[in-house]
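To keep things clear, I will list the structure first and then write my remarks on it.
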Amino acid sequence: MVWQVEVWPIDKLMPYLRNPRKNDAAVDRMMASIHEFGFKIPILARSSGEIVDGHLRHKAAKKLGMELKQTSKALANLAHKFDRFDDRITVQTRDQDQRLRKLERKRGA
(Lines give C-alpha, C1' and ligand atoms only; values in the text may rest on other atoms or scores of the structure.)
Protein backbone atom coordinates (compact mmCIF):
# COMPACT_ATOMS: atom_id res chain seq x y z
CA MET A 1 0.00 0.00 0.00
CA VAL A 2 1.37 3.40 -0.95
CA TRP A 3 1.09 6.36 1.40
CA GLN A 4 -0.06 9.17 -0.83
CA VAL A 5 -0.58 12.67 0.51
CA GLU A 6 -2.70 15.09 -1.48
CA VAL A 7 -3.71 18.67 -0.81
CA TRP A 8 -7.47 19.19 -0.79
CA PRO A 9 -9.70 22.20 -0.19
CA ILE A 10 -10.69 22.00 3.46
CA ASP A 11 -14.38 22.24 2.54
CA LYS A 12 -14.10 18.96 0.58
CA LEU A 13 -13.47 17.17 3.89
CA MET A 14 -16.59 16.12 5.79
CA PRO A 15 -16.68 14.94 9.41
CA TYR A 16 -17.87 11.39 9.99
CA LEU A 17 -21.36 11.94 11.38
CA ARG A 18 -21.16 9.06 13.87
CA ASN A 19 -17.82 10.11 15.33
CA PRO A 20 -18.25 9.45 19.07
CA ARG A 21 -15.49 11.80 20.21
CA LYS A 22 -16.44 15.07 21.85
CA ASN A 23 -13.25 17.08 21.52
CA ASP A 24 -14.38 20.67 21.02
CA ALA A 25 -12.64 21.65 24.26
CA ALA A 26 -9.28 20.63 22.76
CA VAL A 27 -9.56 22.64 19.51
CA ASP A 28 -7.66 25.66 20.89
CA ARG A 29 -4.83 23.41 22.10
CA MET A 30 -4.64 21.78 18.67
CA MET A 31 -4.56 25.23 17.06
CA ALA A 32 -1.62 26.17 19.30
CA SER A 33 0.14 22.95 18.31
CA ILE A 34 -0.37 23.68 14.61
CA HIS A 35 1.00 27.20 15.14
CA GLU A 36 4.06 25.88 16.97
CA PHE A 37 4.88 22.75 14.94
CA GLY A 38 2.92 23.09 11.70
CA PHE A 39 0.37 20.70 10.25
CA LYS A 40 2.52 17.54 10.32
CA ILE A 41 -0.01 14.69 10.30
CA PRO A 42 -2.34 14.54 7.31
CA ILE A 43 -6.05 13.99 7.75
CA LEU A 44 -7.10 10.51 6.64
CA ALA A 45 -10.15 10.65 4.41
CA ARG A 46 -12.05 8.40 2.06
CA SER A 47 -12.21 9.45 -1.60
CA SER A 48 -15.69 10.82 -0.83
CA GLY A 49 -14.07 13.31 1.57
CA GLU A 50 -15.42 11.64 4.72
CA ILE A 51 -12.86 11.97 7.50
CA VAL A 52 -11.62 8.68 8.96
CA ASP A 53 -9.02 10.21 11.29
CA GLY A 54 -8.26 13.81 12.02
CA HIS A 55 -11.53 15.37 13.14
CA LEU A 56 -9.75 17.51 15.74
CA ARG A 57 -7.09 18.64 13.24
CA HIS A 58 -9.89 19.46 10.77
CA LYS A 59 -11.77 21.58 13.36
CA ALA A 60 -8.57 23.43 14.28
CA ALA A 61 -7.63 24.04 10.62
CA LYS A 62 -11.08 25.44 9.88
CA LYS A 63 -10.96 27.69 12.93
CA LEU A 64 -7.51 28.91 11.82
CA GLY A 65 -8.99 29.78 8.43
CA MET A 66 -6.86 27.32 6.48
CA GLU A 67 -8.27 26.71 3.01
CA LEU A 68 -6.15 23.73 1.87
CA LYS A 69 -5.17 20.73 3.91
CA GLN A 70 -2.94 17.68 3.55
CA THR A 71 -5.03 14.55 3.15
CA SER A 72 -4.17 10.90 2.71
CA LYS A 73 -6.50 8.34 1.18
CA ALA A 74 -4.04 5.42 1.24
CA LEU A 75 -4.80 4.23 4.75
CA ALA A 76 -8.36 5.49 4.98
CA ASN A 77 -10.03 2.40 3.58
CA LEU A 78 -7.98 0.17 5.87
CA ALA A 79 -8.34 2.38 8.93
CA HIS A 80 -12.13 2.27 9.01
CA LYS A 81 -11.93 -1.50 9.61
CA PHE A 82 -10.13 -0.91 12.87
CA ASP A 83 -11.08 1.18 15.84
CA ARG A 84 -10.88 4.81 14.77
CA PHE A 85 -7.57 6.40 15.71
CA ASP A 86 -7.16 8.75 18.66
CA ASP A 87 -5.95 12.28 18.22
CA ARG A 88 -3.00 11.92 20.59
CA ILE A 89 -3.24 15.48 21.87
CA THR A 90 -6.64 14.74 23.46
CA VAL A 91 -5.92 11.37 25.06
CA GLN A 92 -6.04 12.87 28.56
CA THR A 93 -9.05 15.13 28.04
CA ARG A 94 -11.27 13.52 25.47
CA ASP A 95 -14.86 12.67 26.16
CA GLN A 96 -16.90 10.23 24.11
CA ASP A 97 -20.51 9.60 23.36
CA GLN A 98 -20.66 6.07 24.73
CA ARG A 99 -23.83 5.20 22.77
CA LEU A 100 -22.11 6.05 19.47
CA ARG A 101 -18.92 4.31 20.59
CA LYS A 102 -20.88 1.06 21.18
CA LEU A 103 -22.54 1.35 17.77
CA GLU A 104 -19.13 1.80 16.13
CA ARG A 105 -17.70 -1.27 17.83
CA LYS A 106 -20.72 -3.41 16.87
CA ARG A 107 -20.50 -2.18 13.29
CA GLY A 108 -16.78 -2.93 13.13
CA ALA A 109 -16.06 0.55 11.76
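Numbers below:
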{"item": "Single unsatisfied condition, Pro20 versus (1) closer than 29 Å to Leu103 by Cα; (2) touching a Pro at 6+ places or on another chain (Cβ under 6 Å)", "result": "(2)"}
{"item": "Test: residue in the stretch 28-48 that is under 13 Å from the mean Cα position of the chain (by Cα) and farther than 15 Å from Thr71 by Cα", "result": "yes"}
{"item": "Residue that is part of a helix (DSSP H, G or I) and at pLDDT below 90, where the choices are Arg29, Arg99, Arg57", "result": "Arg99"}
{"item": "Of all residues in the stretch 1-26 being assigned to a loop (DSSP other than H, G, I, E, B), out of contact with any helix residue (DSSP H, G or I) (no Cβ under 9 Å at 6 or more places or on another chain) and in contact (Cβ under 8 Å) with a residue 12 or more places away in the chain, the one that is surrounded by the most Cβ atoms within 10 Å (Cβ to Cβ)", "result": "Gln4"}
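The values are calculated or read from the model by the stated rules, or taken from the named source; none is laboratory data. In this text, all values refer to a predicted model and were calculated from it rather than measured experimentally. Note that we place each Cβ from the backbone using ideal geometry, even for glycine, and neighbour counts take in every protein chain shown.
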